[in-house]
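Below: one structure, written as C-alpha cells.
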Amino acid sequence: MSTVLQGHAASASVSSFPPTALLQVDKVSLEYRTPQRVVRATHEVSFEVDPADRFVLLGPSGCGKSTLLKAVGGFMKPIGGDIRLDGATVREPGPDRIVVFQEFDQLPPWKTVKENVMFPLLASRTLKRAEAEERALHYLGKVGLAKFVDAYPHTLSGGMKARVAIARALAMQPKILLMDEPFAALDALTRRKMQEELLELWEEVRFTLLFVTHSIEEALVVGNRILLLSPHPGRVRAEINSHQFDLHSLGGVQFQQTAQRIHRLLFGESEPAASTDELGFADVRIAY
Amino acid sequence: MTQSSARRQEYEIELPPLGDLPLHRDVSFGQRLWQQGWLRKTLILVVLAVVWEVAARVQGNDLLLPGFLQTAKAFIAGIGSGELPVKVWVSLKVLIKGYLIGLLLAFVLTTLAVSTQFGRDLLSTLTSMFNPLPAIALLPLALLWFGLGEGSLIFVLVHSVLWALALNMYSGFLGVSDTLRMAGRNYGLKGLRFVGYILIPAALPSILAGLKIGWAFAWRTLIAAELVFGASSGQGGLGWYIFQNRNELYTDNVFAGLAAVILIGLLVENLVFATLERVTVKRWGMQR
C-alpha cells in the first residue's frame, strides 16, 4: 500500500479471479479545456466497481473526481485508457448510467415531481406512460415524497429536491448510479438525514453506486470502498475499505483512526492538518 | 471561553401544546382586491380615459382631438356598421400569417444555431445585419418583388418578427444550465428531441419575451405598411381605415381605428400572453 503501483497491482490481482466487476476504469487520463489552456484532470486512474458496491471517489478539489464521474457518465472522452460498463466501452451518455448532480436545477422546473421521475423513463423510451407512472409513484413512495407527487420543484426544499433526483435515478433502474456530491448543497442536518436515507435505500434496493465527495466522513459513512485521489492531476493514492462504518460509527475510535489515515494519505504525513491545505481535516469536521 | 460557558446554567424546556393560537391569518379584503392585476390595470385605463376626455374638452376642437366619449361613439358605430370588424379581420389575418412564418423561421435558425458552429455564425451575422434594419425600409423593395398585395406585407412582417424572436430564443437557449443539459443527454435525448424536451421549456421565459416583442413589432409594421401603401388587392386593413378617415377629416374615426389597434394589443397581451405565462413560466416558478 505504500506506492501507487503496488496498489494497482494488488487490485488487479484481486479482480483477476472473480471477473465480476461491473465498472472497469482502466488507466483513464482526462483533460478538460479552458479558453487559455488544456488542463489534465486525471492521470492513468484505474479502479473497479463490483455490483452493489457503494464506491466512493474521495479527494480534495482539483483531483478530478467530478471529471472522472462525468467520464463514466459519458459526458467526456478520456484521452487515454478505457472505461467499460458490463464489458462495453462507454462512449456517450446513456440511461444505463443515471447521474444525480449536486445542483438543484437538475430537476426541470416545468415538470411536477411525478413527471420529473417519469421523464427519463419516457425520454429514453424505457417504459410506456402508464407503467412509468406506476414506477415513479413506487420510488417516490420509497423516498417519502408520496404526498408531493403533484408539486412543482420550486415549491420543494433542498432536501426534497435531492430526494426527487434520487427517486428519478432509482426509477430508471440503471446499471450504476452516479452521484456527484449530491448532498453538498444541503445544510448539515439535512445532509445527514439524506445519507441515512440513501443507506436505507441501498439496503432495500442494492443498487450499484459511484459516489463523489470531498468529505472524508461522508465517504466513510456512505461508501463500502473508498478510492483516494491526489490532486493536480488526479492519481490513485489508495483504496480503502469502509463497509464497517455507518452513521453510528461517527466519532468512534476506529472511525477516527481511519479518517486520520485518509487525511494523512491525502495531505502527507509530515504536516498534521496544515492550514495551507485547501481542505484541512479540521475544516472537514466543522463542515460536517 | 470555557469560563463564560460554565458560568451559565444549562436548561431544558418541555414544550406545552400551543392551544388555539392562530398560526396564520387572512390578508384584509382591500389588500386582496388590490392584488388583482386586472383591477389595477382597469383603474389605470379609467384614469387615462378621464384625462383624455378633460384634455379634449379643454382644447375644444374635435377635428384635432376628439374626446374619449366621441371616440367611443365612433368606435361603436364602426363596430355596428361592420366596417371596423372587417378591417380588423383583414389586418389580423395577414398579421397572423406573417407572425407564424416568422416564428417557424426563428425556430429553424435557432435550432441550427444551438447545434452547429456554422448555424451560430449564421444567426449572429444575420441578426446583426438585419435586426437594425426597419421593416418599413424594406417595403419599397418588397413591393417590387412581391407586388402590391399580401405577399409584400407578409415579407416585411416576417422580417420584423424573425430577428427579434430569434435573438431572444437564442439567448434563452444559451442560458439553459449545464446541469439541465447534462440531465437531458443522460436520458439519451439528442437533436430535435433535446431541443423540444429540454431547451425550449427551459428557455421559455426568453421565448415568451421574444414572442411579445415580435407581436408588437409585427403590429407596428403592419399598420405602418398599410398606411404607406394602403389597400392591398382592393381590401384594406386597419391602417388603411385610419389613413382613409384622416383624408376625409373624420378624426373621431381615426381615433376609433387607433383605439382598435390599442385594444387588440391590450387583449393579446393580457389574455393570450398573460395566460400563457400563468400556465407555464409562472406556475413553474421560472418567473415571478
Study note, to complete from the structure: Turns out the helices (runs of 4 or more DSSP H) fully within the range B:193-288 with at least 2 residues that are over 22 Å from B:Val158 (Cβ atoms) and more than 14 Å from chain A (Cβ to nearest Cβ) are B:238-247, B:251-267, B:274-277
Study note, to complete from the structure: Exactly one of A:Ala188, A:Ala171, A:Ala184 is within 14 Å of chain B (Cβ to nearest Cβ), touching a helix residue (DSSP H, G or I) at 6+ places or on another chain (Cβ under 9 Å) and farther than 22 Å from A:Leu122 by Cα, and that one is A:Ala184
Practice item. For the range A:95-109, indicate whether the set of residues that are among the aliphatic types (A, V, I, L, M), more than 12 Å from chain B (Cβ to nearest Cβ) and in contact (Cβ under 8 Å) with a residue 12 or more places away in the chain is non-empty. Key: no
Exercise for review: May I ask you to list the residues in the range B:251-288 that are of a type in the set (Gly, Ala, Ser) and open to solvent by 30 Å² or more (accessible area, probe 1.4 Å)?
Suggested key: B:Ala274, B:Gly285
Check your understanding: Quick one: is A:Lys114 within 14 Å of chain B (Cβ to nearest Cβ), open to solvent by 20 Å² or more (accessible area, probe 1.4 Å), within 27 Å of B:Arg283 (Cβ to Cβ) and basic (Lys, Arg)?
Key -> no
Review point. So how many residues does the range B:165-210 have that are over 28 Å from A:Phe101 (Cβ atoms) and either open to solvent by 30 Å² or more (accessible area, probe 1.4 Å) or modelled with pLDDT under 90 (or both)?
Key: 1
Review point. Taking the condition modelled with pLDDT of 85 or more and either surrounded by fewer than 13 Cβ atoms within 10 Å (Cβ to Cβ) or within 18 Å of the chain's Cα centre (by Cα) (or both), does A:Glu271 pass?
Key: no
**Study point:** Some residue of the range B:129-143 being assigned to a helix (DSSP H, G or I) and within 30 Å of B:Phe194 (Cβ to Cβ)
**Key:** yes
**Study point:** Hits in the range B:78-99 - residues which are modelled with pLDDT of 90 or more and either under 16 Å from B:Trp163 (Cβ atoms) or not in a helix (DSSP H, G or I) (or both)
**Key:** B:Gly98, B:Tyr99
Practice item. Answer yes if at least one residue in the range B:218-231 is under 28 Å from A:Phe104 (Cβ atoms) and either open to solvent by 30 Å² or more (accessible area, probe 1.4 Å) or out of contact with any Lys or Arg (no Cβ under 8 Å at 6 or more places or on another chain) (or both), and no otherwise. Key: no
Check your understanding: Considering B:Ala259, B:Ala209, B:Ala218, B:Ala202, which residue is touching a helix residue (DSSP H, G or I) at 6+ places or on another chain (Cβ under 9 Å), among the small types (Gly, Ala, Ser) and closer than 29 Å to B:Asp62 by Cα?
Key -> B:Ala259
Study note, to complete from the structure: Of the conditions (1) at pLDDT 85 or above; (2) among the aliphatic types (A, V, I, L, M); (3) under 30 Å from B:Ile262 (Cα atoms), the single one that B:Ile13 does not satisfy is (3)
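With the structure loaded, tell me whether B:Glu53 is under 28 Å from B:Tyr250 (Cα atoms) and free of Cβ contacts under 8 Å to residues at least 24 places away in the same chain or whether it fails that test.
So B:Glu53 passes the test.
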**Study point:** Evaluation of B:Ala135 against (1) surrounded by fewer than 23 Cβ atoms within 10 Å (Cβ to Cβ); (2) at pLDDT below 90; (3) over 15 Å from B:Thr110 (Cα atoms) (one fails), failing number
**Key:** (1)
Check your understanding: Being open to solvent by less than 10 Å² (accessible area, probe 1.4 Å) and not hydrophobic (A, V, I, L, M, F, W, C), is that true of even one residue in the range A:119-129?
Key -> yes
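The values are calculated or read from the model by the stated rules, or taken from the named source; none is laboratory data. Remember, it's a predicted structure, so these values are computed and weren't measured experimentally. Using ideal geometry, Cβ is built from the backbone for each residue, glycine included, and neighbour counts are taken over all protein chains shown. Note: accessible area is taken over every heavy atom of the protein model, side chains too, but ligands, DNA and RNA are not part of it. Shrake-Rupley method; radii C 1.70, N 1.55, O 1.52, S 1.80 Å.
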